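In what follows, a structure is listed as C-alpha cells, so that the remarks can point back to it.
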Amino acid sequence: MNVTESTSLELVFTNLAGRDVTLRIREPKEDLTAEQILAVMDDIIAGNAFTSTGGDLVSKKDVRYLHTTINDLYDPA
C-alpha cells in the first residue's frame, strides 16, 4: 500500500456568467495570511490575468487549503 499526501491552495472566483472558477496551486506556502491571498486575488481580477468560458473573473468567492491523503490499495507493477 502506497500513501501520499499533498496540499493545495484553492482560489475560487466568480466569473461574468455568475459561475465559480477555481484556481488550484499545488504545494503552496502554508504560512500565507488571508490578507496576502486576498490581495493576490484582487491583483488577478484587476489585471484580468485569467479568463474562463463564462468570461472574465469579476469577484472573489472563497479561499481554502486542501489537504489530501491518497491510499493506493492496488499497484499492478
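Could you please let me know if Met1 is among the aliphatic types (A, V, I, L, M) and modelled with pLDDT under 95?
On the way: among the aliphatic types (A, V, I, L, M): yes; modelled with pLDDT under 95: yes.
In short, yes.
Would you point out which residue out of Leu32, Leu57, Leu73 is of a type in the set (A, V, I, L, M), open to solvent by 90 Å² or more (accessible area, probe 1.4 Å) and on the phi < 0 side of the Ramachandran plot? Give the derivation first.
On the way: Leu32 fails: open to solvent by 90 Å² or more (accessible area, probe 1.4 Å); Leu57 fails: open to solvent by 90 Å² or more (accessible area, probe 1.4 Å).
Answer to the selection: Leu73.
Can you tell me which of Val63, Val40 is of a type in the set (A, V, I, L, M) and part of a helix (DSSP H, G or I)?
Details: Val63 fails: part of a helix (DSSP H, G or I).
Result of the check over Val63, Val40: Val40.
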So which of Thr7, Thr14 is touching a His at 6+ places or on another chain (Cβ under 7 Å) and either among the charged types (D, E, K, R) or in a strand (DSSP E or B) (or both)? Thr7
Apart from one, (1) in a helix (DSSP H, G or I); (2) without any contact (Cβ under 8 Å) to a residue 24 or more places away in the chain; (3) surrounded by 11 or more Cβ atoms within 10 Å (Cβ to Cβ) all hold for Ile45; the odd one out is (2)
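Could you check the range 24-77 and list, in sequence order, the residues that are among the aliphatic types (A, V, I, L, M) and within 25 Å of Asn2 (Cα to Cα)? Walk me through how you get there before you give the answer.
Quick first cut of the range 24-77, residues among the aliphatic types (A, V, I, L, M) only: 25, 32, 34, 37-41, 44-46, 49, 57-58, 63, 66, 70, 73, 77.
Across the range 24-77, the qualifying residues are Ile25, Leu66, Ile70, Leu73, Ala77.
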The range 3-27 residues that are surrounded by 11 or more Cβ atoms within 10 Å (Cβ to Cβ), paired with ones that are of a type in the set (Phe, Trp, Tyr) and in a strand (DSSP E or B) (beta carbon under 8 Å, 6 or more apart): Thr7/Tyr65; Ser8/Tyr65; Leu9/Tyr65; Glu10/Tyr65; Asp20/Phe13; Val21/Phe13; Thr22/Phe13; Leu23/Phe13
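The values are calculated or read from the model by the stated rules, or taken from the named source; none is laboratory data. Quick caveat: nothing in here was measured; it's all calculated off a predicted structure. Neighbour counts run over all protein chains shown; Cβ positions are idealised from the backbone, glycine included. Keep in mind that these areas ignore ligands, DNA and RNA; they rest on the heavy atoms of the full protein, side chains included. Shrake-Rupley method; radii C 1.70, N 1.55, O 1.52, S 1.80 Å.
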